[in-house]
Amino acid sequence: MKFSIKTALVSNLVLASSGLAVSAVSARDLTVVSWGGSYQDAQREIYFKPFSEKIGKPLLEEAWDGGVGVLQAKVKAGAPNWDVVQVEAEELALGCADGLFEKIDWNKLGGRDKFLPDAVSDCGVGAIVWSTAIAYDGARLKDGPKSWADFWDMKKFPGKRSLRKGAKYTLEFALLADGVKKDEVYDVLATPEGVDRAFKKLDELRPNIVWWESGAQPLQLLASGEVVMTSAYNGRITGINRTENKNFKVVWPGSIYAIDSWVVLKDAENKVLGQDFIAFASEAANQVMLPGYIAYGLPNVEAASNVSAEYASDVPTDVNNMADSLPLNTDFWIDNAEALTQRFNAWLAQ
């Protein structure tokens, strides 16, 4: 999951707590790349430092903004300077098909059945599960929306709404608001009639939409009272509640969840150690600590079932939160993103 504000591609050296100095060596140390921000701060404490201590060697970390083109350039130039990278679902699918990643050694991870079905592939293993959901301010709305139909209901909930400025997610939410069952959303959206139906539904709400583009914006709009509800990333909703003592609520029914994955770049210098790191970061005992830092779901089934009661209701993989949510269909968007984005941009320009 990409953060809107990330550190530049600057390596941070994670040393073992023993305080041993790092001697100059010709071989490059294991380099792990993630999304920066508070999420990478959590990873540093849960995964990076402990793994460095375990192997008795430094671990270098960098942050990136995503994009399969970045990975293509590194791999195809030979000897990539990154080893392990966290990628979004689209990057995983495209990169795996293009031969950019090593195959995952599932024996090291204890087998595929230890993870959510959507979190396993030949080239990657799930790192986090995150959701885009409705958020509203419980301090302002005592009886808030419970569905996307409510989000569209201007009589019941007057005021501006905010949605991400893009076709992805927005079209799915429009169909859910129009009564399409969650298991049928992508089947409907795959037809010309379904696309027309989604845009017709957006027409209803258009005068009252404030569009957001970066992940911090929707909650700023909510906090200021400029909008009464918004789509937002669940981790940010819970994060602002924890840090700023807000009472923002997450509406889980109709939320769309996606999975970010760990991959090892093809022919990376530390590809074996990279697989070891992924196995370490995928252990239930390690993953289960993450929700205490940031409210992302856990792909390891055992970890997901053992999240402390204090945090369980905040994560997408809680059984109650998953019940009425739907997974982002990555293959659909790989095939249709260009056409639907053009249609969406043309609609915006009208």
key: Cα-centre dipole for the chain with unit charges at Cβ (Lys and Arg positive, Asp and Glu negative), debye to 20   = 840 debye
query = What is the distance, in nm, between label points placed 7 Å from the Cα along the Cα-to-Cβ direction at Arg242 and at Asp118?
reply = 2.2 nm
ask   = Given N residues in the range 135-232, what is Rg(Cα) / (2.2 N^0.38 Å)?
value = 1.06
inquiry  = Can you give the local net charge around Val188? Use residues other than it whose beta-carbon is closer than 12 angstrom to its beta-carbon, Lys and Arg +1, Asp and Glu -1.
reply    = -3
task = Mind giving me the nanometre distance, one decimal, between the label points for Ala149 and Ala79, set 7 Å out from Cα along Cα→Cβ?
result = 6.2 nm
ask   = In a solvent-free Debye calculation with one equal scatterer on each Cα, what is log10 I(q)/I(0) for the range 88-150 at q = 0.12, 0.24, 0.27 Å⁻¹, listed in the order of the q values?
value = -0.51, -1.03, -1.19
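Which loop GluC sites (Glu not before Pro) in the range 176-255, with loop taken from DSSP, have no more than 14 other Cβ atoms within 10 angstrom of their Cβ?
Hits after loop and neighbour filter: Glu213, Glu226.
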message = Using Cα springs under 10 Å in a Gaussian network model of the chain, which residue among Lys271, Lys114, Lys156 shows the largest mean-square fluctuation?
response = Lys156
query = Roughly how many nanometres apart are two label points built 7 Å out from the Cα toward the Cβ at Ala27 and Asn107?
reply = 2.1 nm
message = Apply the a/c threshold of 1.5 to the C-alpha gyration tensor of the range 238-344 and tell me whether it is rounded, prolate or oblate.
response = oblate
Among (i) 6, 25, 35, 26, 8, 1, 0; (ii) 5, 24, 32, 24, 11, 3, 0; (iii) 6, 28, 37, 23, 6, 1, 0, 0, the entry that matches P(r) over Cα pairs in 10 Å bins from 0, in percent as calculated here = (ii)
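Report the gain in length on full extension from Ala223 to Ile334: 0.36 nm times residue separation, minus Cα-Cα distance, nm rounded to one decimal.
Length difference between fully extended and current span is 36.5 nm.
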query = Excluding Val264 itself, what net charge comes from residues whose Cβ is under 13 Å from its Cβ, given Lys and Arg +1 and Asp and Glu -1?
reply = -2
key: Distant-in-sequence amide H partners of Arg164 (H built 1.01 Å from N, under 5 Å)   = Trp212, Ser231
note = Dividing the helical contributions, -39500 (n - 2.57) per DSSP H run of n ≥ 4, by the residues of the chain yields a 222 nm value, nearest 500 deg cm²/dmol, of -10000 deg cm²/dmol
ask   = Each residue of the range 280-293 in order: what ³J(HN,Hα) in whole Hz does its phi give by Karplus 6.51 cos²θ - 1.76 cosθ + 1.60, θ = phi - 60°, with x for Gly and Pro?
value = 5, 5, 9, 5, 4, 5, 8, 4, 4, 7, 4, x, x, 9
key: Selected from Gly99, Phe199, Phe151, residue furthest toward positive end of dipole (the chain; charges at beta carbon)   = Phe151
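Bear in mind that the values in this text are calculations on the coordinates, not laboratory data. Note that the structure is predicted; figures quoted are calculated from it, not measured. Cβ sites come from the backbone with ideal geometry, for glycine too, and all protein chains shown count toward neighbours.
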